[in-house]
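The values are calculated or read from the model by the stated rules, or taken from the named source; none is laboratory data. As the structure is a prediction and not an experimental result, all values here were calculated from the model. Reconstructed Cβ throughout: ideal geometry from the backbone, glycine too, with neighbour counts over all protein chains shown. Each accessible area value is taken on the protein alone, full model and side chains, heavy atoms only, with ligands, DNA and RNA left out. Shrake-Rupley method; radii C 1.70, N 1.55, O 1.52, S 1.80 Å.
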Amino acid sequence: MMRGGGTTTPGGNYSTGTTGAGGPVGRNAVAGTGGTWKDVWRALGFLRAHRRSVVISYMAWTIANFLDLMIPLQVRDAIDIGIGTKDTHVLTMAVVYAMGLYVAKSAINWIYIWGFHAFEADAARDLRNAVYRGLQRLSFGYLDRADTGQLIARATSDVEAVQNFLGHGMTGFIGAAGTYVITLSFAATVSWELTLLAVATVPPMLWAGFVLSKKTRPQHARVQQEYGSLTGRLQENISGVRVVKAFAQEQSEERKYAQGAEALQARSLELARTQAIWNPLLISLGGLGAIMVIVAGGYLVTWGLVTVGTVVAFQYYLNKLYGPARRIGFLLGQLARTQASARRIFEMLDVSPDVVSRPGARPLEDVRGEVVFENVSFAFQKGVPVLSNISLTAKPGQVIALVGGTGSGKSALTGLIPRFYDATSGRVLVDGRDVRDVELGSLRRHIAIVPQEAILFSRSLRENIAFGKPESDISLVHFAAERAQAHRYITRLPKGYQTTVGDRGVTLSGGQRQRASLARALLVEPSILILDDATSSVDMETEHLIERALGEVMSGRTTFVIAHRLSSVKRADEVLVIESGQIVERGRHEDLILKDGPYRRIYDVQMRDQEEFISANVRMTDPVEVGAHAPVASEKPRDVNPGAVPGQEVAR
């Protein structure tokens, strides 16, 4: 059951119903250019809310850096004066000062590291929340075409890449640049000749870093694309593991996954080859510069232009100069991945939902439940109609049954009521108001849906049933479960309503999941109820119990029933037969079976045997009060595995 719905895009702007530049995230989507500096700058915006931690961290870093750069000056004095002139007092004081500076630097570094981790964690939290909010706002039209694996990859691997840059990457850039500037000023005061020589090799190092970044940016994008495809295959295989095993396709699926893994390996090796060429060049340039300084320093000492202590102290500064230059080169490679990942994230966040509340939309209140379709047409893709000129009126409290073959448009029709999609032409009205003119969240709060595939979350049964109204008292949860014929089996579980179901409710049988899903819908007391073939996953005896409960539940509620079972259709005030997106026949069950039309043919093929079975079953079963706790024949344990928990049905 879908609830709520945002009214703005992730950026806070009203959507006109078009998708952004990113488009649907398909498994075979082209990786693109890999992002730009604009994407990185936008990612840095997640640090703005944590300016205090950033400022404190970098103030501490600046102080610690100054203290660190003063240590070589003490080393120079210790060598040139303390050792050179055998002045033990100068030597001792130089050592004491150096140790004091080191201790003070270490203490201040604690503040810097704490602040760094604080703003990194805070920004990462905000980024993950923004991505999750963006996923929640994506429209059904986008999700229908998107690949789940790509969405998961963008919400995990790509977010992690951006998070690393917001922390270590940005800190590395600022730290390297700041260290270089400060160290350069200190080095120049020690020996301007050696400083000029050391600086000469920095431009080639930066050039190599920029070339590395440019070459690896699209390669990182392709790696992430293959990672998303592999994640999608893994997600599908886990979800469909029963199908894979049932058809003995384990080896086939292993081969397909191995092919995806090889494709990812090929992209990763392509990236590694580029890095293997340019990263050693960065290191070699730094080493070459160090050798040049050492040789030049030796000549300057022999010529009497500098002292030995000066050369030793300068070696420390040389490492502080080349270290940041090399680090910037490597970080430019990391920046390439960040640009690619940021682009993939913002492509998704920039998608404008197809369905949002219009400006000035007012909430829907005191809903009676009248639903009207006025010449409604709908298409998922332009030029491929799903519904054509649908007109119908469901008065408050009426039950409308939709009958037709697979793909005839039944689910699409009911999906227009809560605005999962918008009609391409015509209008859908609730209580005389166009659903596009009311606030989206308020519209959906008055509608409950029991889908064909019962979706339960990996939470307790109580949380699943109360999903639409989390604040509900346990007594209301019990009442809803009783009406859905779920209370009895739940209380027989070892932990009752606190039993945690597995992913998608896999630890429950199909009938148990469906009844829990029905209880979830009933708890919100909807004015409009949509049952999308809600009894398809239960046996006929259990269906009979649910149908009897639904007789009470439907009372006073407008109900749309997508049905393949006879009992759902017989209760309907009107049956609509849909073929190829059009209503080809309508009327009551007892009238339609007398005609030689589409409904009669469907009845003869799908429902006659059901009617005979139900009639025989009803004669054999004593009446049971709906919601009572007396034993029910259909609730007896069936197909119990040896060693199973007593009272728990086997998941089928």
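What number of residues in the range 125-150 are free of Cβ contacts under 8 Å to residues at least 60 places away in the same chain and not aromatic (Phe, Trp, Tyr)?
Here is the first cut: in the range 125-150, the residues free of Cβ contacts under 8 Å to residues at least 60 places away in the same chain are 125, 128-129, 132, 143.
Remaining after also requiring not aromatic (Phe, Trp, Tyr): 125, 128-129, 143.
Here the count works out to 4.
The residue that is nearest to the chain's Cα centre (by Cα), among those in the range 425-446 that are part of a loop (DSSP other than H, G, I, E, B) and buried (at least 16 other Cβ atoms within 10 Å of the Cβ), is GLU439.
Whenever a residue of the range 192-219 is more than 19 Å from VAL306 (Cα to Cα), its partners that are polar (S, T, N, Q) and at pLDDT 75 or above, lying with C-beta atoms within less than 6 angstrom and at least six residues away or across chains, give the pairs LYS215/THR274; THR216/THR274; ARG217/GLN339. Take the conditions (1) outside any helix (DSSP H, G or I); (2) surrounded by 21 or more Cβ atoms within 10 Å (Cβ to Cβ); (3) not charged (D, E, K, R); ALA94 misses just one of them, which is (1).
For the range 468-488, how many residues meet the condition of being of a type in the set (Val, Ile, Thr) and buried (at least 21 other Cβ atoms within 10 Å of the Cβ)?
Taking the range 468-488 as the starting set, the residues that turn out to be of a type in the set (Val, Ile, Thr) are 474, 477.
From what's left, buried (at least 21 other Cβ atoms within 10 Å of the Cβ): 477.
The qualifying residues number 1.
Take LEU443 and decide whether it is aliphatic (A, V, I, L, M) and farther than 19 Å from PHE378 by Cα. Walk me through it before giving the result.
Working: aliphatic (A, V, I, L, M): yes; farther than 19 Å from PHE378 by Cα: yes.
When the stated conditions are applied, LEU443 passes them.
Just one residue in the set ALA258, ALA263, ALA221 is under 27 Å from LEU335 (Cβ atoms), assigned to a helix (DSSP H, G or I), at pLDDT 80 or above and among the aliphatic types (A, V, I, L, M); that residue is ALA263.
Looking across the range 460-495, just one residue is among the acidic types (Asp, Glu) and more than 32 Å from the chain's Cα centre (by Cα), and that is GLU482. Annotation: PHE116 fulfils all but one of (1) at pLDDT 80 or above; (2) crowded, with 18+ Cβ neighbours inside 10 Å; (3) not hydroxyl-bearing (Ser, Thr, Tyr); the unmet one is (1). Taking the conditions exactly as written (touching an Asp or Glu at 6+ places or on another chain (Cβ under 7 Å) and under 30 Å from GLY141 (Cα atoms)), does PHE346 satisfy them or not? Against the criterion (touching an Asp or Glu at 6+ places or on another chain (Cβ under 7 Å) and under 30 Å from GLY141 (Cα atoms)), PHE346 qualifies.
Counting only strands (runs of 3 or more DSSP E) wholly contained in the range 311-423, the ones carrying 3 or more residues that are surrounded by fewer than 23 Cβ atoms within 10 Å (Cβ to Cβ), of a type in the set (A, V, I, L, M, F, W, C) and in contact with a helix residue (DSSP H, G or I) (Cβ under 9 Å, 6 or more places away or on another chain) occupy 371-381. When each of ILE530, ILE449 is tested for being open to solvent by less than 10 Å² (accessible area, probe 1.4 Å), touching a helix residue (DSSP H, G or I) at 6+ places or on another chain (Cβ under 7 Å) and part of a strand (DSSP E or B), the lone residue that passes is ILE530.
This table checks each residue for (1) of a type in the set (A, V, I, L, M); (2) at pLDDT 80 or above.
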residue: THR500; (1), (2): no, yes
residue: VAL506; (1), (2): yes, no
residue: LEU523; (1), (2): yes, yes
residue: GLU574; (1), (2): no, yes
residue: ARG588; (1), (2): no, yes
residue: VAL605; (1), (2): yes, no
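One residue is enough: does the range 296-306 have a residue meeting the conditions under 20 Å from PRO204 (Cα atoms) and either open to solvent by 40 Å² or more (accessible area, probe 1.4 Å) or among the acidic types (Asp, Glu) (or both)? No, the range 296-306 has no match at all.
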